[in-house]
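The values are calculated or read from the model by the stated rules, or taken from the named source; none is laboratory data. Just so it is clear, the model here is predicted, and its values are computed rather than measured. Ligands, DNA and RNA are stripped out before the accessible areas are found, and what is left, the full protein with its side chains, is counted by its heavy atoms. Shrake-Rupley method; radii C 1.70, N 1.55, O 1.52, S 1.80 Å.
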Amino acid sequence: MKPQPAASDQNVRAAGASQPQRARSRKPGAWRKAIPYVIGGALLAAIVFGLLPKPLEVDVEAVTSGPLTVTVLEEGKTRIRHRYVISPPVAGYLNRVMLRPGAPIEEGKTVLATIQPQPAGFLDPRVQAQAEAGVKAAEATKMQRESQVERARSALDLAQKEFTRANGLKGSGAISGREFDSAQNQVDVLTRELHSAEFGLKVGNYEYDQARAALVQFQAPGIPNTEPYKVLAPVNGYILNVNEESARMLTPGTQIMEVGDPTDLEAEIELLSSDAVAVKPGAEVSIEQWGGDAPLRGKVTMVEPGGYTKVSALGVEEQRVKVRVDFVDPIPADHPLGDRYRVEARIVTWHGDKVLQVPTGALFRRGGDWMTFVFDHGRARLKKVEILHNNGTSAEVRGGLTQGERVILHPPDGVSDGGSVNAKAPGR
């Protein structure tokens, strides 16, 4: 018989076989116990990460150098440059006026009104002296305006010679485009001044004829004057307004009508006095919102030295100054402008060709200083800057920034000095 293993040996082998099974059975249970701790730790890490401050998304733009133009925009209206008020030099009976506004008139030929004379009275020394003084004053005015025409004609002749020389030098590059434009502008301005002086001479001649007519109307008693007095057109143009249409008795100086040339227009812009101090004669103007397809170029001819008080639509009293602007571009025939038409004028008050500039959206006030945030490798750096000229879109930088630096546009409330920021991608 084979020897049988002892019972103790069987027990030992059974125990040894069961130990790996118990180990394998304990491992899955240990991992299951650790899973809640792992999930809890991951949730805690997620919460902590979520509470960490994130970089703010911001828009940035670089500080650049280039041309900068500062303008002021205001409303205004067109006006006929030379208006003339028709009035009788003597008392009499006005026949009915048949002309209407818009009717064309011709200098020295068109009869604007006829006045039947009153019976002549005694010509006392006082009235005679007044009539003779009126003739002398009108004659002196006429001579003065003749002298103005001669001076304007001489100045224009000199400016045309200078422009001819500038035109020849421009081809060889001896002068800059700015100097050439200045010479051309001088010719345009003096041409208008000559036209204005010639118009004033015509008015002076007309006033002289009226003064002489007033003196002739006083005749000796007993000699009736039955010839009606005809008021002739002093200039070429059109009837603007008719104030006295019906027949009636008139006294000397009564306004009958207004005449002028609607093609000889200028713009009258009403600026705030604080803006007008920066406007100079000769400044460039862009005339907008006048009814045409494109703006018209203009030039400032005069800034009136006196202001006036105007109440705005909000009931605020404002000090305004009138600025006269000449049209440089011709007015299109298919969009004619008339007298007292509304326009908007953008007047240049300052211009620089090479100016270090920053977008105004990056600027804000802190106390009395201009401040901005500079984007510096993911951090916002607060800087104080010195600003001079500002056109509402860009501002001239005189200190605090250099070309190429990037500034934060419209910084959110959460941006602070040294805070973490992230520049948005273009187009976002």
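Quick look at the numbers
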quantity	calculated
Segment 262-305 - percent of accessible surface contributed by carbon and sulfur, probe 1.4 Å	52
Global geometry of segment 309-369, whether rounded, prolate or oblate, following the gyration tensor of its Cα atoms and the 1.5 cut on a/c	oblate
Of all accessible heavy-atom area on segment 126-184, the percent that carbon and sulfur account for (1.4 Å)	49
Accessible carbon and sulfur surface of segment 364-428 relative to its total accessible area, %, 1.4 Å	44
Above-threshold pairs, the threshold being 18 Å between Cα atoms, out of Lys109/Lys202; Lys354/Lys424; Lys354/Lys383	Lys354/Lys424; Lys354/Lys383
Rounded to whole Hz, the Karplus (6.51, -1.76, 1.60) HN-Hα couplings of segment 385-395, x for glycine and proline	10, 10, 10, 10, 8, 9, 10, x, 10, 9, 10
Accessible area per residue, Å², segment 55-179 with all protein chains present, probe 1.4 Å	59
For segment 318-365, accessible area per residue (1.4 Å probe, heavy atoms of protein chains only), Å²	50
Whole-Hz couplings from phi, Karplus 6.51/-1.76/1.60, listed for segment 296-310; x for Gly and Pro	10, 7, x, 9, 6, 9, 7, 10, 4, x, x, x, 8, 9, 10
For segment 226-311, accessible area per residue (1.4 Å probe, heavy atoms of protein chains only), Å²	50
Hits among aspartates and glutamates - C-alpha to C-alpha of Lys230 under 19 Å, sequence gap 8 or more where chains match	Glu106, Glu107, Glu207, Asp209, Glu244, Glu245, Glu258
